[in-house]
Every structure is written in C-alpha cells, then in structure tokens.
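Chemist: Would you mind keeping the following structure in view while I ask a few things?
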Amino acid sequence: MKKTATITFQNADNYGAILQAYALNKTITNFGVENHILNYQCKYMGKPYGLAALKRKGIIRFILGIAYYLVRMPRKAKFSELRSQMKMTPKLNKSDLINLEELYDGFIAGSDQVWNDSITDLDPSFFLDFVKSPEKKLSYAASFGFESMPDDLKIKYKELLKDFSSYNMREASGVEIIASLLKKPANLVLDPTLLLTREEWNTIACAPVKKEKYILVYQVTLSSFLLNTVKKIVKSTGYKVVVIPFPLGGFLKAKPNLSAGPREWIGLIRDAEIVVTDSFHGCCFSILYNKKFYVCITDAATRIYNLLNVFKLNECIYKPDSQLVLTNQINWEEINGSLREERKRSINILKDMLKI
C-alpha cells in the first residue's frame with residue numbers, strides 16, 4: 001500500500017480549514033492509499049497575539065484575530081471530535097519533519113492557503129523544504145490567496161517552489177502565477193470539499209434542531225452591507241435567520257450560533273432555504289447542496305470569483321451596486337453535471353499525481 005502525507009491547516013478551528021483537510025484525507029484514503037495528515041503547527045500561526053503578528057496584520061486584523069479566537073472557544077471540542085477521526089500524526093516540529101522522507105511515497109502541500117505569506121509568514125515547511133526528493137514534492141489545490149505575486153516576494157517564492165514535481169492549484173490565478181514565476185505548467189483543480197458528494201457529507205452532518213424555514217448567514221468579515229442584504233431578504237420572504245457565529249458589523253434580528261461544530265455547520269447549510277455568505281467554503285457547500293445563495297463581497301475575493309467562474313454562477317455575487325433579485329432560478333441540473341465532470345477530472349489528476 002502506498003503511503004502519503006499531507007500538510008495543511010489541520011489545527012485551525014475554522015470550518016473550511018478542517019473540512020478541506022478531512023475531504024482530501026478521505027479522498028486519498030478512498031483510493032486505497034494510507035494517508036496521514038502531518039500534525040505540524042508553524043510558530044507564526046501558533047502565536048496570533050505576538051508582536052510579529054501585530055506588525056504584519058495591522059491593528060484591525062490583529063484585534064479581529066483575537067476576537068475570532070474567543071468566538072471559536074465554545075465550538076473547540078466539536079472540532080477536536082472530528083479531528084480525532086482523521087488519520088493524523090503525533091504533533092510535529094521542524095526537527096521532526098526532516099526525519100519523515102523515507103516513511104512516505106509522497107508529500108502533498110494543500111489544500112487551503114498554505115502558500116499565502118500573510119498566513120504562514122512563508123514558513124518553508126508548507127513548501128516541503130524537508131523533502132529532498134523532487135519526485136515526492138506534490139501539491140493539491142494549494143492556494144496563494146492573492147491574484148498576483150508581489151514583486152518583493154518573487155525571488156523567495158521562486159526558490160521555495162522551484163523543485164515540485166506536480167503543481168495543482170485551487171485558483172486559475174495560482175495556475176498563472178506558477179506559469180509566470182517558474183515557467184512550468186500547473187493544473188486547476190477543485191477544492192477537496194467538492195471531491196466528496198453530498199451523500200458522503202451527509203454521513204457526518206448533523207441536522208439542525210429547528211425545522212422552520214430559515215436563512216443561514218455565515219459571515220467571516222465585518223460587513224454591514226451583508227447584514228443589510230439579509231434584512232432585505234427577510235422582508236421579502238419572512239424567513240427566520242440563523243447566524244454563525246453572530247452578526248458582524250451591525251444589528252440583525254437573528255439566532256446566533258456560537259457552538260456549532262463542523263458537523264452542525266454542514267447540516268445548517270444543507271437544510272437552509274437560502275444562504276448568505278462572504279466565505280469561499282460557504283459557497284462550496286451551497287453549491288454541493290444546491291442552495292439559493294448570495295455572496296456579499298465589497299472588495300477583491302480571488303478565491304470566490306475563481307470558484308463561481310468554474311460553475312458559471314457569477315449571478316450569485318451581490319455587490320453594493322447590485323439589484324437584489326429573489327426570483328432568479330439556478331439550473332442545478334446543469335451545475336450538478338459540471339460538478340460531476342470537474343470532480344472526475346480533479347480526481348483523475350490526483351490519481352495520476354499519486355501514480356494510481
């Protein structure tokens with residue numbers, strides 16, 4: 001049996017982070033490959049309240065980071081419960097990583113924004129610097145988290161990425177960056193959460209207690225615009241509102257949900273009538289479960305634009321100058337067909353990469 005290892009953000013109590021880690025691990029395991037998630041935590045990510053984090057993030061993002069940490073505390077145990085079902089190594093530090101190469105046939109960087117310098121401070125471990133054999137250095141749905149490479153980082157990124165044997169990116173912009181920076185080809189692939197079917201996700205989803213029709217609001221940034229959009233939808237539909245975690249950027253008559261774990265989060269999206277979000281993975285699961293959804297964004301959102309472009313769902317983007325239309329009908333039969341094709345293509349790329 002082949003043995004592989006993935007490196008990602010497995011310890012983040014963030015819905016998208018843990019569910020993409022779960023999905024990639026399960027997909028690879030479904031191939032008959034023994035895959036382990038490297039339980040590595042870089043020092044920069046592990047110290048969100050340090051002086052370095054303040055300097056890099058700026059005061060607003062720094063304060064928001066502290067607030068998000070406190071908000072996530074009530075759901076921590078539920079994240080740990082799902083994490084316990086994932087094949088994960090013991091905790092690893094940098095000195096442990098250098099001893100792993102002979103234990104695995106391949107190492108996969110991704111998914112998620114593992115190559116985003118503002119998140120990892122360019123920790124070389126996420127670029128598999130501890131793996132000496134280029135044949136074993138792989139990526140799947142890795143993301144830079146930005147549209148174009150900053151000039152002052154090009155030399156550093158080029159050195160970190162130069163000897164991968166396979167580049168598989170989550171965004172078209174990432175494919176273009178690899179081509180421009182390294183003059184090498186890269187594949188555009190689906191986020192791992194979309195590799196699993198809704199039936200597979202239902203095996204771990206929890207049904208919400210409330211049975212009445214509701215709008216689910218999943219918000220990750222401060223946005224009075226998003227909340228005002230929800231108010232308009234409520235006025236037109238009369239539906240109740242459930243918010244994860246709570247309204248960010250203003251008041252909204254809604255039921256906050258601070259304790260929802262990843263299982264409850266999936267169930268809340270699945271059973272909602274409408275989803276309003278500014279989250280990439282909020283969009284992924286809305287697509288998986290064929291939900292009417294509105295993506296409220298006011299600035300650049302590379303990840304979301306790339307995702308919606310794949311499925312020709314740009315009509316779901318709602319901006320301050322957009323007209324709110326509740327009568328639009330999405331052709332889910334067509335979208336589901338596209339998803340099946342994209343899933344098949346991405347899985348084949350992953351299998352080819354692993355020589356299965």
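Chemist: Do we find a residue being in a loop (DSSP other than H, G, I, E, B) and within 20 Å of the chain's Cα centre (by Cα) anywhere in segment 86-106?
Modeler: Looking for residues that are in a loop (DSSP other than H, G, I, E, B) and within 20 Å of the chain's Cα centre (by Cα), one finds at least one in segment 86-106, hence yes.
Chemist: Here's something else I'd like to know. In segment 117-149, what residues are at pLDDT 95 or above and of a type in the set (S, T, N, Q)?
Modeler: Of everything in segment 117-149, those that are at pLDDT 95 or above and of a type in the set (S, T, N, Q) turn out to be Ser125, Ser133, Ser139, Ser143.
Chemist: Condition first: part of a helix (DSSP H, G or I) and at pLDDT 75 or above. Can you find one or more residues in segment 43-57 that meet it? Give the derivation first.
Modeler: Start the filter on segment 43-57 by keeping residues that are part of a helix (DSSP H, G or I), which leaves 43-46, 51-57.
Pick out the ones that are also at pLDDT 75 or above and you get 43.
Yes.
Chemist: Residues of segment 249-269 being crowded, with 22+ Cβ neighbours inside 10 Å, modelled with pLDDT of 95 or more and in contact with a helix residue (DSSP H, G or I) (Cβ under 8 Å, 6 or more places away or on another chain), which ones?
Modeler: Pro262, Trp265, Ile266, Ile269
Chemist: One residue is enough: does segment 327-335 have a residue meeting the conditions more than 28 Å from Pro208 (Cα to Cα), at pLDDT 95 or above and part of a helix (DSSP H, G or I)?
Modeler: Looking for residues that are more than 28 Å from Pro208 (Cα to Cα), at pLDDT 95 or above and part of a helix (DSSP H, G or I), one finds at least one in segment 327-335, hence yes.
Chemist: Report yes if some residue within segment 192-206 is modelled with pLDDT under 95, touching a Ser or Thr at 6+ places or on another chain (Cβ under 8 Å) and within 28 Å of Phe126 (Cβ to Cβ); otherwise report no.
Modeler: So far as segment 192-206 goes, no, none of its residues is modelled with pLDDT under 95, touching a Ser or Thr at 6+ places or on another chain (Cβ under 8 Å) and within 28 Å of Phe126 (Cβ to Cβ).
Chemist: What's the total number of residues in segment 107-163 that are in contact with a strand residue (DSSP E or B) (Cβ under 8 Å, 6 or more places away or on another chain), assigned to a loop (DSSP other than H, G, I, E, B), hydrophobic (A, V, I, L, M, F, W, C) and in contact (Cβ under 8 Å) with a residue 60 or more places away in the chain?
Modeler: 3
Chemist: Let me ask something else. Do the conditions hold for Ala141, that is, is it at positive phi, among the hydrophobic types (A, V, I, L, M, F, W, C) and surrounded by 19 or more Cβ atoms within 10 Å (Cβ to Cβ)?
Modeler: Working: at positive phi: yes; among the hydrophobic types (A, V, I, L, M, F, W, C): yes; surrounded by 19 or more Cβ atoms within 10 Å (Cβ to Cβ): yes.
Yes, satisfied.
Chemist: Check whether at least one residue in segment 284-304 is among the hydroxyl-bearing types (Ser, Thr, Tyr), without any contact (Cβ under 8 Å) to a residue 12 or more places away in the chain and surrounded by fewer than 17 Cβ atoms within 10 Å (Cβ to Cβ), and report yes or no.
Modeler: Checked against the condition, which is being among the hydroxyl-bearing types (Ser, Thr, Tyr), without any contact (Cβ under 8 Å) to a residue 12 or more places away in the chain and surrounded by fewer than 17 Cβ atoms within 10 Å (Cβ to Cβ), segment 284-304 yields no hits at all.
Chemist: Name the residue, out of Lys232, Lys211, that is outside the structural domain of Asp152 (by TED's automatic domain parsing) and assigned to a loop (DSSP other than H, G, I, E, B). If you could, list the steps in order and put the result at the bottom.
Modeler: Values: Lys232 fails: assigned to a loop (DSSP other than H, G, I, E, B).
One residue alone meets the criteria, Lys211.
The values are calculated or read from the model by the stated rules, or taken from the named source; none is laboratory data. Computed from a prediction, not measured in an experiment: that's the story for all the values here. Neighbour counts run over all protein chains shown; Cβ positions are idealised from the backbone, glycine included.
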